[in-house]
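A short write-up of the structure that comes next.
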Amino acid sequence: MSTPKTTPRAWPWLLLVACLAAGIGGWRLLSASRADEPQAQPAAPQSVPVTTAQATRRDVPVNLTGIGTVQALNAVLVRARVDGTLDSVNFTEGQEVKKGDLLAVIDPRPYKATLDQALAKKAQDEAQLANARLDLARYTNLARSDFASRQSVDTQQATVNQLTATVQGDEAAIEAAALNLSFTHITSPLDGRVGLRQVDPGNLIHATDTTGLVTITQLRPITVIFTLPEQDLPQVVDGMHNGQLPVLAYDSQGKAKLSEGMLLTPDNTIDTATGTFRLKSVFPNQENRLWPGQFVTARVQVATDRNVVTVPSRAVQRGQDGLFVFVVKPDQTVAVQPVQVPLDEDGTAVVAQGLNGGEQIVVNGQSRLSNGTRVTPNGGAPAPPSSAPSGS
């Protein structure tokens with residue numbers, strides 16, 4: 001019996017069938033080997049490192065903040081009160097002076113001569129008055145014996161009265177001359193700091209000069225005038241009924257504290273154009289950190305909120321539904337807790353609703369958090385579960 005021959009056209013088909021059979025067999029072997037391998041476990045959710053702080057209860061001052069200007073408690077423009085040549089200047093620019101310190105000297109010689117003339121005039125008139133009184137005594141005695149008329153006595157009495165008035169006028173002239181002479185020595189009218197000198201020695205100065213010699217400002221104590229909205233006036237008045245109100249002065253940006261003082265008084269009117277009222281406060285300014293004309297931020301403490309819940313300001317986040325914080329729960333996951341914050345100042349936020357105190361709050365790392373995210377507090381190992389409430 002003869003074997004059937006394969007035609008040349010059948011060879012490609014046989015080769016294709018063989019390849020398919022080999023591929024199917026290899027796939028089955030590979031699948032069986034993978035089935036014997038252990039299955040990989042799903043990855044655990046990754047913990048986010050965060051920094052936390054505790055919501056605490058404490059007393060928080062209630063401050064009202066306004067923009068103000070520093071003003072010297074007293075400021076004087078020192079000017080000459082008599083005309084003359086400025087002989088000397090006895091101060092250094094920027095010097096601290098006391099009341100009565102000699103500041104400058106005007107040439108005193110013309111005023112000394114005037115005083116001497118007044119003294120001489122008085123001596124002359126006093127001599128004439130003494131002689132007139134002697135004559136009056138003589139005329140009086142003669143009139144008693146009818147050797148002099150009554151008219152001569154009256155005339156001599158009038159002469160005595162006239163010379164008496166002349167001597168009184170001489171005394172007034174002496175006082176005026178002595179006063180003008182004293183004006184040639186210019187002294188400080190108060191304790192303060194000397195400004196820049198306006199006139200150099202050798203210049204002729206006049207009492208009518210408007211520029212003056214120098215200005216003196218009292219820096220210790222010093223005042224700050226600042227403004228607040230009119231709706232804050234009741235709080236200020238109520239606070240003043242309980243005693244003096246402390247005031248803190250900060251720089252114009254409200255960051256660096258410059259000095260501590262007390263509120264003197266609010267102004268007696270409200271500016272209808274701006275709806276604000278002015279307040280005046282006084283500061284010891286022992287370190288000279290406040291300067292006349294300086295712009296400052298003033299904070300007056302009108303009350304104190306007792307035993308309120310506080311958190312760091314950076315813990316409070318703003319969302320579409322308002323303010324919220326992330327509270328760390330005992331299982332080391334976070335929950336979004338809405339809060340109400342009526343006061344946020346100096347890095348501390350007062351929470352009126354939403355927290356009871358004692359909760360662990362996320363203060364750093366909130367950008368990667370959402371409700372239910374697992375966290376690692378303070379960037380280290382997970383903290384032990386907390387028994388604090390998660391919020392109200």
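Read the figures in this text as sums done on the coordinates, not as results from a lab. Every value quoted in this text rests on a predicted model; they were computed, and no experiment measured them. A quick note on method: Cβ atoms are made from the backbone with ideal geometry, for glycine too, and the neighbour counts reach across all protein chains shown.
Tabulated values for the structure
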{"quantity": "Hz values of 3J(HN,Hα) by residue in region 50-60 - Karplus curve (6.51, -1.76, 1.60), Gly and Pro given as x", "calculated": "9, 10, 10, 8, 9, 6, 10, 9, 6, 7, 10"}
{"quantity": "Amide proton proximity set for Gln95, modelled H, under 5 Å, gap of 5+", "calculated": "Val194"}
{"quantity": "When the convex hull of its Cα atoms is projected in every direction, mean area for region 145-220 (nm²)", "calculated": "10.0 nm²"}
{"quantity": "Förster radius 30 Å - calculated FRET efficiency between Val237 and Thr56, Cβ distance, rounded to 0.05", "calculated": "0.40"}
{"quantity": "Built amide H within the under 5 Å cut-off of Leu190, gap 5+", "calculated": "Gly100"}
{"quantity": "Per-residue Cβ neighbour rank within 10 angstrom, fewest leading, His185, His206", "calculated": "His206, His185"}
{"quantity": "Note, ³J(HN,Hα) from phi for region 236-246, Karplus 6.51, -1.76, 1.60, rounded to Hz, x at Gly and Pro", "calculated": "5, 5, 4, x, 5, 5, 8, x, 5, 9, x"}
{"quantity": "For region 213-225, Karplus couplings with θ = phi - 60° (6.51, -1.76, 1.60), whole Hz, Gly/Pro x", "calculated": "8, 6, 10, 10, 10, 8, 9, 9, x, 9, 10, 10, 9"}
{"quantity": "Length added when fully stretched, Ala143-Asp200, from 0.36 nm per residue minus Cα-Cα", "calculated": "13.7 nm"}
{"quantity": "Backbone N within region 196-211 under 19 Å of label point (7 Å from Ser88 Cα along the Cβ vector)", "calculated": "197-205"}
{"quantity": "Region 43-200: proportion of alpha-carbon pairs further apart than 24 angstrom, %", "calculated": "67 percent"}
{"quantity": "Ranked Phe147, Phe283, criterion: other C-beta atoms within 10 Å, fewest first", "calculated": "Phe147, Phe283"}
{"quantity": "Debye intensity ratio I(q)/I(0), log10, region 108-183, q values 0.11, 0.14 Å⁻¹ (C-alpha model)", "calculated": "-0.40, -0.54"}
{"quantity": "Fewest-first sequence of Leu179, Leu219 by Cβ atoms within 10 Å of each Cβ", "calculated": "Leu179, Leu219"}
{"quantity": "Separation in nanometres of the label points that stand 7 Å from Cα toward Cβ, at Asn131 and Leu77", "calculated": "5.3 nm"}
{"quantity": "Length released on extending from Tyr250 to Thr272, taking residue separation times 0.36 nm less the Cα-Cα span", "calculated": "5.2 nm"}
